[in-house]
Amino acid sequence: MTKQNKCVFCQVARKEIEHNQFWEDENHVAFLDNSPLTFGHTLVIPKKHVGYVFSLHENEYLNLLKASEKIAKALKKATKCERVCLGIYGFEIDHTHVHLTPLNNVDEMKHPIRKPSQKRQKDFAEKMRKLTK
């Protein structure tokens, strides 16, 4: 079995797994993080399996950041947060992914909130679908 077949984010991109996806274009998918740091914490991934962000071709890298910017603008509007912070870590899952975290102050990063209910996540994903059309 290939890495792409085993990769949970590849499965999300292929719509084999429901993961509160709310936006996609030809090359990217955005969905809510299952273990959010703050409410609305979102991941943006390329549909193509690339394990390390700096292994993306320049064009793919820039397009991932442009897609993330689009989602961040909608996320800021939806959550009414002061800022949406961007992080690219790459250790949790071997598939490039951008974290977009709505924040009002730096202290929110120190103490993760409790995991929201599935209903709240689904309702918020629907709100984001509308804002990212």
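All of the numbers you see were taken from the coordinates with simple rules; none came from a lab. Every value quoted in this text rests on a predicted model; they were computed, and no experiment measured them. Reconstructed Cβ throughout: ideal geometry from the backbone, glycine too, with neighbour counts over all protein chains shown.
Just one residue in the set L56, L100, L64, L86 is closer than 20 Å to D123 by Cβ, surrounded by 14 or more Cβ atoms within 10 Å (Cβ to Cβ) and not small (G, A, S); that residue is L100. Screening the stretch 1-27 for residues that are aliphatic (A, V, I, L, M) and either part of a strand (DSSP E or B) or free of Cβ contacts under 8 Å to residues at least 12 places away in the same chain (or both) and picking the one that is surrounded by the fewest Cβ atoms within 10 Å (Cβ to Cβ) gives M1.
Selection within the stretch 24-61: residues that are among the hydrophobic types (A, V, I, L, M, F, W, C) and over 13 Å from the mean Cα position of the chain (by Cα). The member of this set that is nearest to R14 (Cα to Cα) is V50. Scanning the stretch 94-131 for residues that are assigned to a helix (DSSP H, G or I) and within 14 Å of the chain's Cα centre (by Cα) turns up Q121, F124, A125, M128, R129. Considering only the stretch 28-54, how many residues are closer than 18 Å to K119 by Cβ and either in a strand (DSSP E or B) or of a type in the set (G, A, S) (or both)? Counting residues in the stretch 28-54 that are closer than 18 Å to K119 by Cβ and either in a strand (DSSP E or B) or of a type in the set (G, A, S) (or both) gives 5. Taking the criterion of being more than 20 Å from K133 (Cβ to Cβ), without any contact (Cβ under 8 Å) to a residue 60 or more places away in the chain and in contact with an Asp or Glu (Cβ under 6 Å, 6 or more places away or on another chain), the only residue of the stretch 28-63 that qualifies is G51.
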